[in-house]
1. Kirkwood hydrodynamic radius, segment 161-212, all distinct C-alpha pairs: what's the number in Å?
2. Which of the trypsin sites (Lys or Arg not before Pro) found in segment 32-101 are loop residues per DSSP with 15 or fewer other Cβ atoms within 10 Å of their Cβ?
3. So what are segment 239-302's ellipsoid semi-axes, whole angstrom, largest first, if each one is the square root of 5 times an eigenvalue of the alpha-carbon gyration tensor?
4. Starting from the Cα of N300, step 7 Å along the direction of its Cβ; do the same at M321; then give the gap between the two resulting points in nm.
5. From the P(r) of the chain, can you give the percent of Cα pairs sitting at distances over 38 Å?
6. Determine, for M150, M194, M323, M102, the number of other Cβ atoms within 10 Å of each Cβ, and report the residues in order from fewest to most.
7. How big is segment 189-349 by Rg and Dmax over its Cα atoms, in Å?
8. Output ³J(HN,Hα) for segment 73-80: one whole-Hz value per residue in order, computed from phi by the Karplus curve 6.51 cos²θ - 1.76 cosθ + 1.60 with θ = phi - 60°, and x for Gly and Pro.
Amino acid sequence: MRAGYEIHNLKDNDTFHHGALGGKLHIETAPISSISMGASFYTSNSFDPANNQGLVPFRGEIAHSYTILGEAYLKTVLGKTTLKLGRQEIETPFAQVDDIGMVPNTFEAYILENKDIPDTTLFLGQIQKMSGVDAEVVDQFTRVNGTNNMQILGITYEGIKHFNLNAWYYRLKDAQIDSIAYLEASYAGSFNSMGYGLGIQYAKQTYLQEKDASVYGINASISHEATGLTVGAAYNKADGNAATSGFGGGPFFSNSEYLIIDNAGRNGSQTWFGVEWDASSIGLDGLTLGLSKAILKNENSQKATETDLDISYQINKQIEMHMICSDLDGKNVGEDTAKHLRVFANYHF
């Protein structure tokens with residue numbers, strides 16, 4: 001179950017409020033001859049008459065309150081191969097759940113995963129429709145790229161100690177952006193009481209009738225176990241055209257809660273830096289606080305900024321709470337200048 005409330009206070013304008021109660025009910029059968037079936041119902045019941053301006057959509061477009069069969073699939077597991085057909089949650093760099101509202105993205109898709117090669121996962125899929133927070137219509141499955149759909153090929157390799165390597169290719173025939181190639185490498189290690197991480201990424205996004213976009217990214221972090229502190233920074237740059245984060249929140253390191261590299265437009269850039277504190281270092285288990293800032297620049301060097309305060313508290317195994325407070329100045333990239341607050345309480349059973 002989930003309760004959510006958000007406030008969007010536009011500078012020199014109105015303040016919008018929105019709240020909802022909802023949740024997810026998931027059922028999966030035991031396998032019979034290696035075949036199982038699963039279904040998930042998602043619901044969001046709005047109790048505030050907001051018009052969704054500047055807000056993460058809590059309500060539907062067809063109805064303020066709605067229930068949707070977000071997952072309905074057949075699954076078979078044969079050795080190290082899993083085949084899943086139907087509506088389902090998916091996590092890939094450019095098609096993902098992006099659970100930032102009441103109902104996440106889910107996809108109507110055919111997905112094959114294979115792990116026969118040691119330390120390697122092969123992913124092959126076709127996505128036909130999607131619904132959810134980033135979909136064209138929140139509360140209804142609509143087509144992804146018309147009848148051409150979207151095809152995905154991915155490979156993840158974890159056979160080198162401390163490294164994670166992955167490569168992906170997305171094909172969207174005849175779409176404005178008709179293909180996306182993506183590479184990412186990350187390294188994580190520790191020394192004494194210190195942890196550290198480094199990541200690099202590259203995306204080639206080909207436009208059907210325009211100049212292609214190349215998107216570069218790097219991130220780094222360092223943590224101290226005794227104090228619970230982690231400090232991180234990230235940077236992304238788009239060359240040639242505007243970046244797209246695809247069908248979800250996207251993989252780009254510098255993306256923040258609200259503003260993302262997409263907003264910077266053609267030849268734009270985004271810098272992100274932040275600090276996180278795990279309060280278990282002083283005995284407050286389950287409490288995490290984060291403070292971060294993102295700075296976007298468009299090709300004319302005009303800036304947009306976002307400052308975020310994130311607080312998460314895992315009270316026990318069943319109850320968790322999240323608060324995200326954002327101070328936005330997005331006028332130079334066509335976005336709102338506003339203060340935005342989102343609060344969620346989740347109960348798992």
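Taken together, the values in this text are just the output of simple stated rules run on the coordinates, not laboratory data. Here the structure is a predicted model, which is why all the values come from computation and not from measurement. Because the Cβ atoms are built from the backbone with ideal geometry, glycine has one as well, and the counts that use them run over all protein chains shown.
1. When all Cα pairs of segment 161-212 are included, the Kirkwood radius is 13.1 Å.
2. Passing sites in segment 32-101 are K80.
3. One finds semi-axes of 31, 13, 7 Å for segment 239-302.
4. Placing both labels 7 Å along Cα→Cβ, they lie 4.4 nm apart.
5. Tail of P(r) above 38 Å: 16 percent of Cα pairs.
6. So the ranking, lowest neighbour count to highest, is M194, M323, M150, M102.
7. 17.6, 57
8. 9, 10, 9, 10, 10, 10, x, 9
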